[in-house]
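A.B. asks: Have a look at this one.
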Amino acid sequence: MSQDPKRFLGYLEAERNAVLLYRALAETTDGDRREALLELAEIEEHHAAHWVEKLQEYGIPVPPAPLDLDPNDAGLLARARAAGLDGVLQVLEDVEGAASGMYDEEPEAPLGMSDDERAHAEALRLMREDPSKLMLQGRAPHRVLRPGDGEKWHRTDRSGSVRAAVFGISDGLVSNTALVMGFAGADTANSTVLFAGLAGLFAGAFSMAAGEYVSVASQRDLFRREIQMEATELRDNPAEEQKELELIYRAKGISREIAAQTAAQIMSDPKMALETLAREELGLDPDELGSPVKVAISSFISFAVGASFVVLPYFFLSGSAALIAAICLSLLAMIIVGATVGRLSGRNVFFSVGRQLMWGVGAAAVTFGIGKIVSAVTGASIG
């Protein structure tokens, strides 16, 4: 390996070009693939920053960052835009695979940079062969980042409260709108519709909060048990666990020597060893087991908020005016919730809004129709 520090210029150029390419390709897709490409870009940006520091340390002028893709990368982007991301994933995987060993003999590369480069090729392979494996319970099973890096594969929600809040609002909105429309369709008295809406709001909120609490608490207990069993194995058979960790890294394409060195270094710190084994062997993150209390509170409040939209008009209006206001307010809320879900999930916003409206309006229309039929059959209104 040449000791000329100007070699860092080549590393910096490669990393900066990769940042531009991955960010541009992310705009051609959505969902997990988009998040994965943006994460790859962030990691390459982190690598580029390291080489900038090295150039400054050796007194070498740092060239300005490129604003445009180089011709080869521009061709890949054009191909992805024309034929879809699948048309270029194999090429990207081959390029990353060929470059995966570029830092193996580089003494100025930080520990783990070579692992990152190899993991990039693995992430691209997953995008091409089985995108569903990119995400698992809100995290990446083949994690590109090393523990403690602080960069995330996606939007992080460690307690699960954000997910519970968003979908709690959606559930409360759809279910209570359907309930209220059913009573309204039966020509029910204003006070009865209001009572039914409030009953549905509180019953649903308590039910959802209890369900989320039990679900997350049970999952947390199971995860803790698995981590505790791993801690026991680490205490009783450290050599065997180190060998397992080495084999995991070798299965990811890391050379025998580097895998052995990395495993030995990790095992020298018991806390880091347990966290790494939990992630790599069990597919768990000890810091992301979820908070049942936070999830329950989020679920209760969000369900109540979602369920309140259709009820509010009946506090101030009556008859057709209350019904029309309830419908308009519920439709507006469905559009907002659908757009929010789309934004958080990475799906197309219009698709998410359409899906929210389809189920919400569909459920409300069915129950309103049932209310009309019941009213006609019985020949009397309720209340």
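Table: residues versus (1) over 27 Å from the mean Cα position of the chain (by Cα); (2) hydroxyl-bearing (Ser, Thr, Tyr); (3) surrounded by 17 or more Cβ atoms within 10 Å (Cβ to Cβ).
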| site | (1), (2), (3) |
| --- | --- |
| Leu76 | no, no, yes |
| Val91 | no, no, no |
| Val95 | no, no, yes |
| Asp104 | yes, no, no |
| Glu117 | no, no, yes |
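A.B. asks: Within the range 16-28, can you find the residues that are surrounded by fewer than 21 Cβ atoms within 10 Å (Cβ to Cβ) and of a type in the set (Ser, Thr, Tyr)?
C.D. replies: Thr28
A.B. asks: Let me ask something additional. Tally up the residues in the range 277-320 that are at pLDDT 85 or above and touching an Asp or Glu at 6+ places or on another chain (Cβ under 7 Å), please.
C.D. replies: 4
A.B. asks: Please pick out the residue among Ile248, Ile258 that is in a helix (DSSP H, G or I), β-branched (Val, Ile, Thr), at pLDDT below 80 and out of contact with any Leu (no Cβ under 6 Å at 6 or more places or on another chain).
C.D. replies: When all the criteria are applied, what remains is Ile248.
A.B. asks: Of the conditions (1) more than 26 Å from Met127 (Cβ to Cβ); (2) crowded, with 19+ Cβ neighbours inside 10 Å; (3) hydrophobic (A, V, I, L, M, F, W, C), Leu67 satisfies every one except a single condition; which number is it?
C.D. replies: (2)
A.B. asks: Next up: Among residues belonging to the range 104-135 that are at pLDDT 75 or above and not in a helix (DSSP H, G or I), point out the one that is nearest to Gln265 (Cα to Cα).
C.D. replies: Residue satisfying both the conditions and the ranking: Pro110.
A.B. asks: Something else: If we scan the range 157-174, do we find a residue that is more than 25 Å from the chain's Cα centre (by Cα), at pLDDT 90 or above and within 28 Å of Gly354 (Cβ to Cβ)?
C.D. replies: No: zero hits.
A.B. asks: So if I check each of Glu39, Glu13, which one is closer than 22 Å to His120 by Cα, modelled with pLDDT under 85 and surrounded by 16 or more Cβ atoms within 10 Å (Cβ to Cβ)?
C.D. replies: Checking each option against the conditions leaves just Glu39.
A.B. asks: Whether any residue in the range 328-347 is closer than 30 Å to Gln228 by Cβ and modelled with pLDDT of 85 or more is what I want to check.
C.D. replies: No, the range 328-347 has no match at all.
A.B. asks: So, in the range 71-103, exactly how many residues are out of contact with any Asp or Glu (no Cβ under 9 Å at 6 or more places or on another chain) and in a loop (DSSP other than H, G, I, E, B)?
C.D. replies: 2
The values are calculated or read from the model by the stated rules, or taken from the named source; none is laboratory data. Predicted model, so just to flag it, every value in this text is computed and none were measured. Virtual Cβ from ideal backbone geometry, glycine too; neighbours counted across all protein chains shown.
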